[in-house]
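Written out below as structure tokens is the structure these notes cover.
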Amino acid sequence: MREGETGALLTALRRAATLHRLYGSHHPLTDISLTEAARAADVLAEGEPAQLTIIDGSLYVNRALLPMASLSHSGFLQTILDHGVTSVTLVPPVRVEDLAVLTATLAGDSPEPPTAGSVRLNEDNLAPAQRDEPRDERRMAYTATLDLLRAVSLAVVRREQVSLSEATAAVRTLMDLCLDDPAAALLLSTMKNHHEYTFFHSVNTCILTLMIGQAAGLDRDDQILLGMGALLHDIGKVGISPSVLQHPGRLTPEMWKEIKQHPQMGAEAVLLASEPGQEVVAVVALEHHARYDGSGYPNLLYFEEPPAHTGSPGAAAHPLHLFTRLTAVADGYDAVTSRRAYRRAATPPRALRVLLDGAGTMYDPDVVHAFIDVMGEFPPGSLLRLRGGETVLVSRPAGDPDRPVPALMMIDAAGRRLSQPEPLSFHPGEVAAYLTPERAGVTPALILEHAGPAGVD
Amino acid sequence: MSDATAMTTRRAATPAPPESRSNSGPEVASPAAVDTLAAAMVDALAVAWTTYRVYADPRPQDAFRRAVATLGTPPGFPWIAAVHSSGFRFDGRPIPTRRQAASTLTRAAFARGIAALGFSSPPTPDDLLCLFEVISQRQGSTAEAPGPTAALAAKGAATVIIIEHGRLRQVSEERGHDGTADAAEDSAHPSDAQSGDPARRYLDEYRLLYERLRAGGLPGLQELVHDFTDCFFALPRDQQIRLFEQFLARHEEEPFRLLLDQFSQDDLAELGRLLSPGTHPLLVEYARIAAEQEGQSGDAAHMLSVEQLVAGRISGLLPSAGEAVRRQLGDALRAQIPGPEGNFAAATAAADVILSLANEAGYIRVARAVAAKTTAAVAEGDLRRAAAWGHVLLSGAPSRERKEVVRREVEDALRPEILDRLFTATELTADLPPTLVTLLTLFGLDPIIECLAAEEDMGRRRSLVSFLTSAARTRPGPLIRRLNDPRWFLVRNLVDALAHSGRTEAAAGVRAACSHPDSRVRREARRALPLLDEAAGTAAAIEGLQDREPGLRLQAIGLLRTAPAPDVERGLAALLASRPAREERLAAVTLLAARRTQEAHTLLLRLARRRPFARRARRDTRRAAREALAGRS
Ligand SMILES: [Fe+2]
Ligand SMILES: [Fe+2]
């Protein structure tokens, strides 16, 4: 799995470059990361020289585009380009000292890019015609939606006229994906990128919300509005200063004050952009941090006097819009399973427990139950260690708590990574531990590229 | 955030290693004794610093000399204290001091890039002075300015030691941290320091970098914390546990709390399992505080161990799974789908909140958008929705400033085609919802008046005037203000609308319109005025008897029929004296006949008197007057 090894290599290199900047070279902590990177580089090169090339912001290994690594490491790839590096050739066995020169370059500390040794920079780049680009529709939909969010955010920041028509189209595409291949959609929603957390989080929340919406039987028109609400729920964060969003700890009261502005700022932007009939999208942005029990923020006066937007007679009236309650659960799930400025990612089953703990206070209990029903006890993308020692990746929901869970074995009982993951269903009783992607060294969404467009398992 | 308090609290829980960093021989002072001695040193430094700052030359001062003497008697040499922005530390612990100057000294030293300072032997007064000079020297803006170490060396202060931040790194790499006093763990495991134990390096580096970032306002803090978090997980398990125990013991200190907060619930559960029984309560305590601060209950899922989580299956916590339950759940949610109407109601309620929370600039933007939505609904012919958006504008404008914003935005949004839609499609005009009427009345009168001025179609003008008539009942101001408009036809329509407003404040304007150059305006104004102010109406009508337009004079006669004022007779006399047309004369006589006043009677008698050579006109008048008198008796 080139994606996996490349991802591991880039992560280790990024950390090594940072540590280099902090401590200088030859520091033990830098060495730990460099050793890790060298290991990943050797596995990636598989005995032959391998060339990593960045073209148009995408990463290629030899001739193959690595879409997932391109997506999830976009920030670091830009850093690499910023330091004048367009390609890295790895000649196994890759030596830690040679990688140290590369990290020194990336830390802005080395004038001479190496052209000999086991790591060479900027050797002749691949001509575009040589590229081999798999075009996976699902990934393209994801990427297109990210681009859209970037564009919308920019327009919001610049106070330019924003159109929601492209957002509508993007949601429609994601909606079809959720309908056609729910397991793939759920795997796709495990894409993470800390560098662009808000955008990835928004696309993931959109996918997950649409899945609940489909389960709840919303019609297409309602699903589009729901999906837009989920996609744009955090758009107000463009107005929050990065120092607050990136604060690596509990927020000070002043920071909280600023953070708490994002629902109304986002709702404002959406309301301004909305065409007649789309205004409800702003409701989701406004309400998404209001909790089911009426606490949270902002203070919605209508908790005392609910607006008349509850459904059919006989349905339990709740002041929060149904779309908000659906989005809030997906939002919470993706936030807990993502690395945040202030917290590392939790595992999917743990996240389900957090949701369940919040049912009735944070979240609408019915929606939480519906969500768990969609995701299964072990959501697709969960990484688990079985009692037998294997590390498996859940590929689709079991559908029934007593049925075996469909999964792929990524690492066998002897600790070997499989280049071709093997189907391996397991019974919940066999689970020994939950792992985060980072701990397991596996990026769940990569399995999509691996399995090809035919789907998983 | 107070490190000092946090440290003090912590010390009760986990006693710090007592060994001092001074080479005081094999005898080890007790922690309390070390603290007392360190405090005396810091107090002396603070006193000397104050003296230095007060006197041009502190050396002759008694206080300075006493301080120098105290600084010469530490537990041992070299004596070095770590410089933190918050104060001095010795052995990793803050040194308590009563002297304010101690903190200004450490801040200044810290800003100068000094990580630690001390003495290799008893300092001379001159050397101490040099130290202070180096510290108080402003950070040179040029790269060539010598660093503190170089500056000190240049001054030849041999007894003083300072360690700069950059230097500290070098020293710690070369000598396993022997150069600094600020490493509690160092002193606990002196042998590990030599072997470069990653866990201890980790703590030292982290604290050092954290302090440096803090001095610089903490940019890059996330990167630092994340890298150290990642590195933590790259360390061997036993080192992780050692560090984790350290973090927990110091969870009240900001830098360590930042690291602990990074741990996900899975991390905490997994590491928690491996803690020694003595440390486990610290984890529970940390988790309780963290959960409380996040508004969660302390015993929530995030404290469950992996085993508990794996064993307590989610499926067991749900009511039950299966097709029937799934269907029920789906039905329950489906029943709450609001539909277009519900969505719309929610959106307007949200717009209300957005407006109420918006700042000045945001308020303008949202008000503009809502005004546009109001008019868009009008354009669609959906007056109910228009009214709902209009309601948002009305309810969201509590202050004068905000009302002014709404007025501007509504005015802009009321483009001619919208007004056209509102006032010419008669079915719309007929059932304008009250909210829209209020909105237009409060904020839209100027464009409506402008529209009226431009409108050529009679029917549409009539419907606009009829709207303005009802609007003027609550808000005549905008109509009154426009009474001096140069377009006579507009003024006439405004007078018409004001006539039925019942608002007396409109009278003055209408009175003025009675002298309008255009007779059509004068006619309308004289007709309208008595409805607003009877006396003024009479006066205007009497004036009207002198109007240069015969038709208006006749109107005036008609208007005066019931007026009680004596001026009426005088006015009529003047009119008759001015040789008016027959019609006017007869009308005037008829009016005199109708008035039962003495003045009218006298005037009639005068008119009835026979006059030779009278012109035909006179004769008509006389006849009419005689008939009138006859009719009276
Ligand atoms: Fe949010
Ligand atoms: Fe969010």
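The values are calculated or read from the model by the stated rules, or taken from the named source; none is laboratory data. Since the model is a prediction, treat every value here as computed from it, not as a measurement. Don't worry about glycine lacking a Cβ; one is built from the backbone with ideal geometry, like all the others, and counts go over all protein chains shown.
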Listed by first then second residue, the pairs whose first member lies in the range A:323-351 and is within 10 Å of ligand 2 (Cβ to nearest atom), whose partner is among the basic types (Lys, Arg) and modelled with pLDDT under 90, with beta carbons under 8 Å and at least 6 positions apart or on separate chains, are A:Ser338/A:Lys192
For B:Phe443, the lone unmet condition from (1) out of contact with any helix residue (DSSP H, G or I) (no Cβ under 7 Å at 6 or more places or on another chain); (2) buried (at least 21 other Cβ atoms within 10 Å of the Cβ) is (1)
Those residues of the range B:370-382 which are surrounded by fewer than 20 Cβ atoms within 10 Å (Cβ to Cβ) and on the phi < 0 side of the Ramachandran plot amount to B:Ala372, B:Ala376, B:Ala379, B:Glu380, B:Asp382
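Conditions (1) buried (at least 23 other Cβ atoms within 10 Å of the Cβ); (2) over 22 Å from A:Gly441 (Cα atoms); (3) in contact with a strand residue (DSSP E or B) (Cβ under 7 Å, 6 or more places away or on another chain), marked per residue:
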residue	(1), (2), (3)
A:Arg2	no, no, yes
A:His20	yes, yes, no
A:Leu52	yes, no, yes
A:Leu77	no, no, yes
A:Leu81	no, yes, yes
A:Leu102	yes, yes, yes
Margin query: Within the range B:256-266, does at least one residue satisfy the condition of being at positive phi and either at pLDDT 80 or above or not acidic (Asp, Glu) (or both)?
Written below: no
Going through (1) of a type in the set (A, V, I, L, M); (2) in a loop (DSSP other than H, G, I, E, B); (3) within 13 Å of chain B (Cβ to nearest Cβ); (4) away from ligand 2 (no atom under 16 Å from the Cβ) one by one, A:Ile372 fails only at (2)
For this session: Using the structure shown, decide if A:Gly381 is part of a loop (DSSP other than H, G, I, E, B), surrounded by fewer than 20 Cβ atoms within 10 Å (Cβ to Cβ), at pLDDT below 95 and not charged (D, E, K, R).
Result: no
Could you go through the range A:240-247 and let me know if any residue there is in a loop (DSSP other than H, G, I, E, B) and surrounded by fewer than 18 Cβ atoms within 10 Å (Cβ to Cβ). yes
Considering the range A:231-244, residues that are over 13 Å from A:Arg172 (Cα atoms) and within 14 Å of ligand 2 (Cβ to nearest atom), and then whichever is nearest to the other protein chains (Cβ to nearest Cβ), we arrive at A:Gly236
Flagged pairs (Cβ under 8 angstrom, 6 or more apart or on separate chains; first in the range A:271-288, within 7 Å of another protein chain (Cβ to nearest Cβ); second assigned to a loop (DSSP other than H, G, I, E, B) and within 14 Å of ligand 1 (Cβ to nearest atom)) are A:Leu286/A:Pro298
Being modelled with pLDDT of 95 or more, part of a helix (DSSP H, G or I) and under 21 Å from the mean Cα position of the chain (by Cα) narrows A:Ala267, A:Ala328, A:Ala282 down to just A:Ala328
Of those in the range A:285-319 that are more than 16 Å from ligand 1 (Cβ to nearest atom) and among the charged types (D, E, K, R), the residue modelled with the highest pLDDT is A:Asp293
Query raised in the report: Would it be correct to say that B:Thr375 is without any contact (Cβ under 8 Å) to a residue 60 or more places away in the chain, in a helix (DSSP H, G or I) and over 26 Å from A:Arg159 (Cα atoms)?
Result: no
For helices (runs of 4 or more DSSP H) lying entirely in the range A:157-226, having 3 or more residues that are at pLDDT 90 or above and either within 14 Å of chain B (Cβ to nearest Cβ) or within 16 Å of ligand 2 (Cβ to nearest atom) (or both) picks out A:197-215
Within the range A:251-270, of all residues that are without any contact (Cβ under 8 Å) to a residue 24 or more places away in the chain and of a type in the set (Asp, Glu), the one farthest from ligand 1 (Cβ to nearest atom) is A:Glu254
